[in-house]
Each structure stands twice: as structure tokens, then as C-alpha cells.
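Asker: Got a structure here, written out as C-alpha cells. Questions coming.
Here, each number is a calculation from the coordinates, and none is a lab measurement. The structure displayed is predicted, hence computed values, not measured ones. Note that we place each Cβ from the backbone using ideal geometry, even for glycine, and neighbour counts take in every protein chain shown.
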Amino acid sequence: MAGADGDDSLYPIAVLIDELRNEDVQLRLNSIKKLSTIALALGVERTRTELLPFLTDTIYDEDEVLLALAEQLGNFTMLVGGPEYVHCLLPPLESLATVEETVVRDKAVESLRKISQEHSPVDLEVHFEPLVKRLASGDWFTSRTSACGLFSVCYPRVSSTVKAEIRQHFRTLCSDDTPMVRRAAASKLGEFAKVLELDYVKSDIISLFTALASDEQDSVRLLAVEACVSIATLLPQEDLESLVMPTLRQAAEDKSWRVRYMVADKFSELQKAVGPEITKNDLVPAFQNLLKDCEAEVRAAAANKVKEFCENLPEENREQIIMTHILPCVKELVSDTNQHVKSALASVIMGLSTILGKDNTIEHLLPLFLAQLKDECPEVRLNIISNLDCVNEVIGIRQLSQSLLPAIVELAEDAKWRVRLAIIEYMPLLAGQLGVEFFDEKLNTLCMAWLIDHVYAIREAATCNLMKLVEKFGAEWAQNTIVPKVLGMANDPNYLHRMTTLFCINALSEACGQDITTKQMLPVVLKMSNDQVANVRFNVAKSLQKIGPVLDSNALQTEVKPVLEKLATDTDMDVKYFAQEAISEMLFVVSS
Amino acid sequence: MSAISASEKVDGFTRKSMRKAQKQRKSQGSSQYRTQSAPVELSPLPQLKDAPSTEQQELFTQKLQQCCMLFDFLDSVMDLKSKEIKRATLNELVDYVSTNRGVLVESTYPEITNMICTNIFRTLPPSDNPDFDPEEDEPTLEASWPHVQLVYEFLLRFLENPDFQPSIAKRHIDQKFVLQLLELFDSEDPRERDFLKTILHRIYGKFLGLRAFIRKQINNIFLRFIYETEHFNGVAELLEILGSIINGFALPLKAEHKQFLMKVLIPLHTAKGLALFHAQLAYCVVQFLEKDPTLTEPVIRGLLKFWPRTCSQKEVMFLGEIEEILDVIEPTQFKKIQEPLFKQISKCVANPHFQVAERALYFWNNEYILSLIEENIDKVLPIMFGSLYRISKEHWNPTIVALVYNVLKTLMEMNCTLFDELTSSYKAERQREKKKEQERDELWKKLDELRLSNAALVQNNSHGLLGVQNNNNNNNNSSTNGDNQDKSAEAAAVTPANQDPDVGAATGESSPCAK
């Protein structure tokens, strides 16, 4: 075996390597993606001495090829001979970490981070750390950007002298004169802080953090907000006030809305990181301001956090804070001018009821829910309806049903089919909460009307909805309320409606059981086999196949089989095809 | 009920223009964040022209300070009276600095720049339309334009005033000022960008000390646009300024400028919204090549590297740019680049999208390009022939076929013998290509099998890697083995175009990777 394998192994390799230089990008890409095969066949030594230098030299290529290469090299440790030799992978990855295209560079950094773990501490200092230093002092911004992502992976495992150097390099990059590099550094600040000794966090990181948070470019400042979360988590409570809070306060009032947006977006994380005391004194007013911000983007981001923020407030004065500080802002947001803000609020506002309890919900929140249920924007109403279950637990849905109904009816008839689709999906849930009587009285007609919607997706969803309703309310209910109406549509002049009957039968037969299916549905299906539209006929064949398992074998033999056989000789080829397919399936059912 | 009637639909779908028209309202935005407390009502000051000359200076300063008051324009009825006073005052100020001499004394500079900064420097509001398409959608207009316009006008007149002294102004119009000015180029309002363009141009002209800084910051904006956000509204305007800046570069070009060309301008071609600024971009590129023809080769190679693969519209733009470059190319440079370039043109000519094919075929209407082709016909014709011959028979579009016939005729007239040779060898060539294709397929199949057996090897044997390595050694040692040599011959035959001997060598003895 060894001999045969040896012959074959090198023969395609030559071609592969040749193809790495092929004119056609696709072929180069194919070869690169099989790079591990080449390496495996070459063996570890030749991979190290020949393949890797070759790859390092040919680094100028299409970005797509480079991306594949960067990814492959991250998994190459075993192929170059294990951790002992892993540093051989550094030169090609170093070049890849300097290319312009961001995806390639990011992938190279990811691979470098991965293989850094496979370096022994000695190799890390001898090979990896010098690479980081070279990148950090590169001429073009790309290499410096890449360096930012590598400090934190080597810092914990090197000697204290090298650590000092790494900190110095990171400091330099944080004040780089290209904003791209400062952004990269700012986005890694939190990660780097986590691996530093607490003393250095206080002495180094805080000053960098403060500087980045007051950078002249808002794209840098906003990244400092993210770092703020990690840094605040690392510091002891007593230092937060002096080291972090001035910067955070400043960020929450930054003149750029992007920074304020970031603060709003990270609010829950910030809240957890700074603890209850600072939350109470500082974050509550800051949050109020964000909810009243002049930019809708910021208000929407803050509105999204209302529930989470309230949930995480210290329990002893939670209710008081919400009632006196947060709720007044929330009330204003209900009539905001921007629909994204209202819709963000509507997606979380129901969650407040569990926090505030029954009485407060009825007195303060219910009017807001009702207002939002009447909002002009369908998305707002939908968001309220989709979260009804939270309120149901606290006050029951009955309180809402008077307003709920007009809202549902209006959404059910909305001009946008996606809105109609969304409300259909909540029907089973609503039906369960409102009960069968209310449903029969108010909603049943809607559910039937969707069956003849002019959009297929709505008819399909309506069919599926019926099935879920039957599962909830039982076969007897189906027999009395739904089945007659569905079967009535079999005589509709519009063939699309006739087909809907068939689709409904497909969906309902199982839930309705053998009796209803055989006695009421089957005759209708069989009758439709004479329909003049071929689409209806082949759907009859499909339906018969579908409901077959629910029927008894007698009905199958005496009624279904002859009809299918007739359809199998239909003039239309599709009808024939589906009839034949049904027959072969049914025979299987009958015989087993 | 839909508001659009059936007659306005195409095949049941609403026309895009109808959908757009429905939601089209004049959209306005502005962002002034708590820069000051609620505006105080302004009271009108006496006219400057009525004031005695001794008091004019003082009054000028007062008016400048008065104009620092900002108003909310999203609320159109608020502070109407004060807004009108400010508007009138700004008008008067514009008039004052543009018609009077001797009004720009040193002490007014800080007041002037302060008024300008307060009014124009702001964080741009978030776009109303998150997927704003500059080609299709109406831009959001700056709501406070009635004032901001006059402030821009004032800034421009200030810079253009004959008494204006950059040496004094540079204390105020500094790097920070320029940086904020550049950020405003992202404004969605085209009127604002237009003013900014003229103003930045004046600043670049008057402040020598800021030139390098301005270029560098534009660099950063472009790099951020290309690699980070893919969004910046003012690319075309900045390129327009750069066009005239490049025009003024001294020769020989500095390394910094060349780097800007290769690392910024060429990658800018990859942007999604290239159509919005391609004309300005191509102008910049051609300016560079007119300055320094030796840059032609790297530039064309760069364009070929970023050649669009899926966007025909962009491909047409690239072809247009290539033609502009070819218009100014030196024959020696043409020789250096003809091979890769015409390989691409040959692909374009055969493009099923007729606009791409047509644009490429139009090259043959260009006298200068024709003369370059004729000079190098022995190189160009073999590259072009296959595609042209094939599409003359296959292309679906009759206009293209007609154009191709003309091109073939022109080429034939240039070198008849070569043309005949290529025609007669066309079939053989085709078959050779097909065979090559087949052989490649087989090789890949074999490779897949190899991978399978390798995987098995690794699974069965914990020293799998070592095993393979040993096999290789065996193989190397037995290179005299006849069977093995057959294979190396075959491998070499598969890649006849490759002159490198290392393919053979790889199977035989040593280095498959050496160049």
C-alpha cells in the first residue's frame, strides 16, 4: 500500500501547485481550498521548507483566494509538524494580515489568534511577539490595524519585560494618526483590558479609554462606549466613580447622535457593569435623557431597553423609580412622531406589567396599551398583539378585548399582505387566550375570509391557521363551524378557491379524524376529480394521497382507487403524473 | 384597499415610480443637539451702512454674535420673527464682506470663525431612509438651509475678500476646522456639498500649511468609505477637488501621491455606488497618467484586478475608463500591458450582455487605439481571435454580430497571413482546450480519491502524517522508476503553456514550490 500511495500522492500535487498559478481564479481557488491535501501528501518537512515559502511569495492574488488561504493556514498546525513548528505559519499569515481587503485581514488575524494558542511560551516570545511588534509599527495602516487584535492573545503568556513592550505598543496605536487604527485599537480596548493586571488597567487603560472617548471622530468615540462595559466590570466599585463615570456621563451627552445611540444600545450592559448605586444616581437621569433625545434613532434604541432597564433596577426602590422617572417618558413615547420609536416601545412595553403588578398595570399601563393598539402604524399594533401573553399573566386579556378586536380586524384587512400574514400567525395564540365563544362570535369570519385572500401566502397561512385552531378547539368544533364553510368553497366559480378547499382538507384531515374525513371530506374530494381545471384535478390526486392514511382500507379500495385510476389516464400529463404517484404510494399504504 | 389602481400596474406589479411617488414628500432633517438653551428673541440692530464708520466695526461684531443664535427649522412656525432677523442680518453680512474694503481687521477673525463654526459644524442627522439610494431616492434636505446657505456664502466671500490674510486666519482655520468641514461632505443635501466643494478648494489654495493635512484626511475618508462603511455622500465632490489638485502636482511625483493613486483611487473602483463618482474618479486617474506615464502598467493591472464580475453596468464604466487611459497611453507602455489587457477585452467582447460587448467593440472606432493594435497585431490578434470568431457565429444580438464582423475585417486587413493561420487552426485549438479541460477534470477526480485515502490513512494510523512523509521519501528515492517518469511526462503535458521545469521536477525529485 505504501508504494502505491506514494506514487499517486505526488503526481497530482505537481498539478495542484501548478494550478495555484493558473490564470483562472476559480481554479486557483479550488487548489487553495485543497491546500491541506497538498500539505498532507507533501509531508510536514516539505510543507515547511517548500510549500510555505511558496505561499508566502505568491501572496499577491485575488482577495478571494487570499481569504481561502488565510482560513486554511489557521488549521495547519498538525500539517507542519505540530506545535513545535507552528511558527512556520507566521510569515504567510503576517503578509496576509497587511493586505487592504478587510475580510482577508480579519481572517488572517483570526488564524493568527488561533495558532498563537499553539505556541509554547518560548516560541511566543521568540516568534510571535516580534511579529506583533512588526505589524504594530508597519508603514501602512492595514498592518497596524491587524496588530490591534493580537496583543491580548499573547500578553498573558509572556515575561514582564515583553509585557511592558506590548503595553507600550498598544498605547502608541491608541493615538495613531489614522482614524482606522484608532478605531481598531478602541474596539480591542475592552478585550485588552481583560488580560491586563488590575494596576495596569488603572494606570494605562483608563487614560487610553479617556482619550479615545474624547477623540475628534465620533466613529472612535462610540467604540469607547463598548470598552466602557468591560472596563467597568473589571474595576472595583469604589474606583468606578472617579475612573469611569466622568467619561460615561460625557458619552451619554455627546454631541454626536451615534455616540448617544451606542450608549442607549449598550445600556443594559452598562447598567450591570456599574452596579445598582451608580445606576440609581446616574443612569436613571441619563436614561431619561436618552428617551427624550432629539434624534429618533437614539430614542428608538433607548425605548428598546425600557423593559430590561426596569427589570435590572435594584428591587427595593424599583417601583418608585419606574413610576416617577421612567413611566412619564414612556407615556410621551407612546405618541412619538417617529414610528420606529413607537414600534420599538411597543415590542417591550407589555413586559413592564409583570414588573409593576396588577394594579399599576391597570391604572397606568393599560391606557398606553390601548393607545398603541389604535396607533396608525400597523407595526406598532402588531408588536402589542404579539406580546399579549405578558399581560395575560398579570391582568388577563379580557381587559383588552374591547380594544383588541377593532385592532385585529383592521390588521386583518391591512393593504400590506405581510401585515395580514403577521396577524394570522398570532391567531391561534389569541384564540387560546380569548376562548372559543369570543372567537366564534368575533374572529371566525376573519379566519374564513383569509381563505379567499388574493395573495397565495395568506391563503396558505390561513389554511395552516385552521389546522392549529382545530388542534386547540377539537374535532367537534371543526365539524360545526369550519368544515361546512370549507367544503362549500368546493363549488366556487374561482378555481383558486376550489383548490383552497383541497389544501384545507389536506391540513385538517388528521386533526378532524377518520370519521369526518371519510364521511364529509372524501366525497367532496372525489367529486372534484371531474373538475374542468387540470390544476384542481392533480391537486385531487395529491389530496387523496395525503388523506389516505386517515381513511379506512375499505374506502381506499372502493372509492379512492377507482378515481385515482381514472385520473391516471387523464389527458393532462401533470394530472397523470400525480395520480400515478398517488397510486404507487397508496398501494404501499394498503398493503402494509 | 390599495391606493394604486389596477391601470397603473405592470403585470400586476406596482410601478417603481408610483411607489416612490406615494411616499415622496419633501424630506428634511437637521441635527443641532442641545448646543444652547432655548433661543432668545432677537431684536434688529441698525443697518451697517447707516452707522458712522467709527462704530461700524463694533456693529459688525455685534451682528456676528447675533448670528450665533441657532433656531429649530423642523418646527416651521417657531421664532418666525427672530429667524427673519437673522436671515436679514446674514444677508447684510454677506454683502458687507463682499463689497467693502478694509473691513477684515485682525480682531474680527475670531468672531467671524466663531459664527461660522457655530452655524455649520454639527453632527449630520441620521438618514431618513436607511437604505438611501443616491441614484433613485430624493435626498433629505437640510432644514436650516435658509440660514446655513447664507453662512456658507459668507464664509466663501470672507475667503475671497482681497483683504483676507491667511497668516492671521490660520490660527482659526486650522486642522480641526478642516476636519469638521470634511465631515460635512457626507451631507445628503447636494446644495450643501456644492458649497463645501468650493470652500475647501479655496482653503486648499490659500493655506499651504494645510494642504498635506487635507490630502491625508481625504485619504482617510476614502479608505473608510472603501473598507469600512461603504457610505459617504461626498465622494464625487472630493474627487473633483482632487482632480485639480493632482493637476498641480510637481514632477517627479512624490511617493505619497503614487501611494494615493494605487492604494486609494484604484480600490475606490470596487465601491458599490461607483456610478455616482466614476467620471470624477476616471479623470483623476487619467491626470496621474498624464503626469507620469510609467504608472500606466500598475494602474491597468490594478483595474484588471478589480474588474467587475457580476455588475455589467460597472463593467461598461471600467471599459470607458480603459478607453480614456488608452487615449493617452504611450506606445511603450501599451506594449507592457497589452497581453493582460486584451485578455480582458476579449472576455468583454464575448459578454452576453450586449452593452458590455458593444462598449468593448467601440474601441475599434478609436483611431489611436487602432494604430496601437496595428503596431502590435501579432500579439493582439491571437488573444482576440478566439472570442471574436466564436461570437461572430453565436451572439444573440445582431448589432453585436455586425460590429464583430467589422472588427474581424479590420483585424484581417492588418495582418492577413496571421488571420488565415488562426482561422485554420481555430478548430484544432478548440479541441486542444476541450482535451485540457477533460484532463483537468480527471486530475481533480484523482485528487479527491487521494484525499479519501489520506483521510483513511489518518484515521487508521495515528502516525498518519509520518506515514505519508515516508511514502514521499520512498517515492523520491525511486525516481528512476519507469512508471514514475511516465507520470511526470504526463503531468508536464497537461500544462504545456507552463515553461517552468519544476512541474516535472516536482514529481521527480525536489521542489514543487520553487519559482
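Asker: What ³J(HN,Hα) values, in whole Hz, does the Karplus curve 6.51 cos²θ - 1.76 cosθ + 1.60 give for region B:56-71 when θ = phi - 60°, with x put for Gly and Pro?
Answerer: So the J values, rounded to whole Hz, are 4, 4, 4, 5, 4, 4, 4, 5, 4, 5, 4, 6, 7, 6, 9, 10.
Asker: Would you mind putting A:310-319, A:429-438, B:116-125 in packing order, based on average other-beta-carbon counts within 10 Å, highest first?
Answerer: Values: A:310-319: 15.1, A:429-438: 17.0, B:116-125: 20.9.
Output ranking for A:310-319, A:429-438, B:116-125: B:116-125, A:429-438, A:310-319.
Asker: Here's something else I'd like to know. Do any GluC sites (Glu not before Pro) in region B:128-195 lie in a DSSP loop with no more than 13 other beta carbon atoms within 10 Å, and if so, which? Numbers along the way, then the final one.
Answerer: Working: sites: B:Glu135, B:Glu136, B:Glu142, B:Glu153, B:Glu160, B:Glu183, B:Glu188, B:Glu192; in loops: B:Glu135, B:Glu136, B:Glu188.
Of the GluC sites (Glu not before Pro), the ones in loops of region B:128-195 whose Cβ has at most 13 other Cβ atoms within 10 Å are B:Glu135, B:Glu136.
Asker: Right, here's the next one. How large is the translational diffusion coefficient of the protein assembly as shown in µm² per second when you combine the Kirkwood radius over alpha carbon pairs with Stokes-Einstein at 37 °C and 0.692 mPa s?
Answerer: Working: Rh = 36.4 Å.
Estimated via Stokes-Einstein, D reaches 90 µm²/s.
Asker: Okay, next question. From the square roots a ≥ b ≥ c of the eigenvalues of the alpha-carbon gyration tensor of chain A, which class results: rounded (a/c under 1.5), prolate (a/b over b/c), or oblate? Intermediate values should be presented prior to the final figure.
Answerer: Numbers: a/c = 3.17, a/b = 1.34, b/c = 2.37.
In terms of gyration-tensor shape, oblate.
Asker: In the protein assembly as shown, with Lys and Arg counted as +1 and Asp and Glu as -1 at Cβ, which of these residues, A:Trp417, B:Leu90, A:Ser111, has the Cα nearest the positive end of the dipole, that is, farthest along it?
Answerer: Going by the Cα projections, it comes out as B:Leu90.
Asker: Now for a different question. Defining a contact as two alpha carbons under 8 Å apart and six or more residues distant in sequence, what relative contact order in percent does region A:390-488 show?
Answerer: On the way: 56 pairs, mean separation 24.0, N = 99.
Computed value for region A:390-488: 24 percent relative contact order.
Asker: Placing +1 on the Cβ of each Lys and Arg and -1 on the Cβ of each Asp and Glu in region B:344-391, which of B:Cys348, B:Pro382, B:Leu372 has its Cα farthest towards the positive end of the resulting dipole?
Answerer: Value computed over the given set: B:Cys348.
Asker: Grab the DSSP H runs of the protein assembly as shown that are 4 residues or longer, score each as -39,500 (n - 2.57), total them, divide by all residues and round the 222 nm result to the nearest 500 deg cm²/dmol.
Answerer: Details: 61 runs with 725 residues, N = 1107.
Here the helix-only value at 222 nm equals -20500 deg cm²/dmol.
Asker: For A:Lys163, which aspartates and glutamates qualify as cross-link partners when the Cα separation must be under 12 Å and same-chain residues fewer than eight apart are set aside?
Answerer: Within the straight-line limit of under 12 Å, A:Lys163 reaches these aspartates and glutamates: A:Glu125, A:Glu129, A:Glu197.
Asker: Okay, moving on. Below 8 Å between Cα atoms, with a sequence gap of 6+, how large is the relative contact order for chain A in percent?
Answerer: Numbers: 719 pairs, mean separation 29.3, N = 592.
That works out to 5 percent.
Asker: Under a cut-off of 17 Å between alpha-carbon atoms, report the aspartates and glutamates in cross-link reach of B:Lys254, not counting same-chain residues fewer than 8 places apart.
Answerer: A:Asp139, B:Glu290, B:Asp292
Asker: Follow-up. Could you list, in their original order, any pairs among B:Lys336/B:Lys409; A:Lys114/A:Lys194; A:Lys342/A:Lys416; A:Lys133/B:Lys272; B:Lys272/B:Lys379 whose Cα atoms are separated by more than 23 Å? Could the numbers behind the result be given before it?
Answerer: Details: B:Lys336/B:Lys409 26 Å; A:Lys114/A:Lys194 18 Å; A:Lys342/A:Lys416 19 Å; A:Lys133/B:Lys272 35 Å; B:Lys272/B:Lys379 34 Å.
Exceeds cut-off: B:Lys336/B:Lys409; A:Lys133/B:Lys272; B:Lys272/B:Lys379.
Asker: Quote the charge dipole size of the protein assembly as shown about the Cα centre in Debye, to the nearest 20; the model charges only the Cβ of Lys and Arg (+1) and of Asp and Glu (-1).
Answerer: Numbers: 118 positive and 156 negative charges, 167 e Å.
Once rounded to the nearest 20, the dipole reads 800 debye.
Asker: Same structure again: Pop out the ³J(HN,Hα) list for region B:161-171 in order, Karplus 6.51 cos²θ - 1.76 cosθ + 1.60 with θ = phi - 60°, rounded to Hz; leave Gly and Pro as x.
Answerer: After applying 6.51 cos²θ - 1.76 cosθ + 1.60, I find 4, x, 7, 4, 10, x, 5, 7, 5, 5, 5 Hz.
Asker: Pull up all non-local amide H partners of B:Leu141: gap of 5 or more, or a different chain, and H-to-H distance under 5 Å with H placed in the peptide plane.
Answerer: B:Ser27, B:Gln28, B:Gly29
Asker: Which pairs in the list A:Lys34/B:Lys434; B:Lys263/B:Lys434; A:Lys442/A:Lys542 are over 30 Å apart, alpha-carbon to alpha-carbon? Show your work: numbers first, answer last.
Answerer: Working: A:Lys34/B:Lys434 24 Å; B:Lys263/B:Lys434 39 Å; A:Lys442/A:Lys542 34 Å.
Pairs exceeding 30 Å: B:Lys263/B:Lys434; A:Lys442/A:Lys542.
Asker: Now for a separate question. Based on the alpha-carbon set only, what is the convex hull volume of region B:97-239 divided per residue, in Å³?
Answerer: Values: hull volume 15.9 nm³, N = 143.
Dividing the Cα hull volume of region B:97-239 by its residues yields 111 Å³.
Asker: Which trypsin sites (Lys or Arg not before Pro) in region B:167-226 pass both tests, a DSSP loop state and at most 15 other beta-carbon atoms within 10 Å?
Answerer: On the way: sites: B:Lys170, B:Arg171, B:Lys176, B:Arg191, B:Arg193, B:Lys197, B:Arg202, B:Lys206, B:Arg211, B:Arg215, B:Lys216, B:Arg224; in loops: B:Lys170, B:Arg171.
For trypsin sites (Lys or Arg not before Pro) across region B:167-226 that sit outside H, G, I, E and B with at most 15 neighbouring Cβ atoms in 10 Å, the list reads B:Arg171.
Asker: At a Cα cut-off below 13 Å, give the aspartates and glutamates reachable from B:Lys176, other chains included and same-chain residues fewer than 8 away excluded.
Answerer: Partners found: A:Asp215, A:Glu216.
Asker: Under a point-charge model restricted to the Cβ atoms of Lys and Arg (+1) and Asp and Glu (-1), what is the dipole moment magnitude of region A:342-467 relative to its Cα centre, in debye to the nearest 20? All intermediate terms of the calculation are to be shown ahead of the outcome.
Answerer: Numbers: 10 positive and 16 negative charges, 34 e Å.
For this selection, approximately 160 debye.
Asker: How big is the charge dipole of chain A about its Cα centre, in debye rounded to the nearest 20, if each Lys and Arg gets +1 on its Cβ and each Asp and Glu gets -1 on its Cβ?
Answerer: Values: 58 positive and 86 negative charges, 231 e Å.
Computed about the Cα centre, the dipole is about 1120 debye.
Asker: I need the phi-derived Karplus couplings for region A:355-366: 6.51 cos²θ - 1.76 cosθ + 1.60, θ = phi - 60°, integer Hz, Gly and Pro marked x.
Answerer: Taking θ as phi minus 60°, the curve returns 6, 8, x, 4, 5, 4, 4, 5, 6, 9, 7, 3 Hz for region A:355-366.
Asker: Please compute, for peptide A:33-43, the average count of beta-carbon atoms on other protein chains lying within 10 Å of each residue's beta-carbon. Working shown, then result.
Answerer: Numbers: counts 0, 5, 0, 2, 6, 3, 2, 10, 8, 6, 9.
If you average over the peptide's residues, the count of other-chain Cβ atoms is 5.
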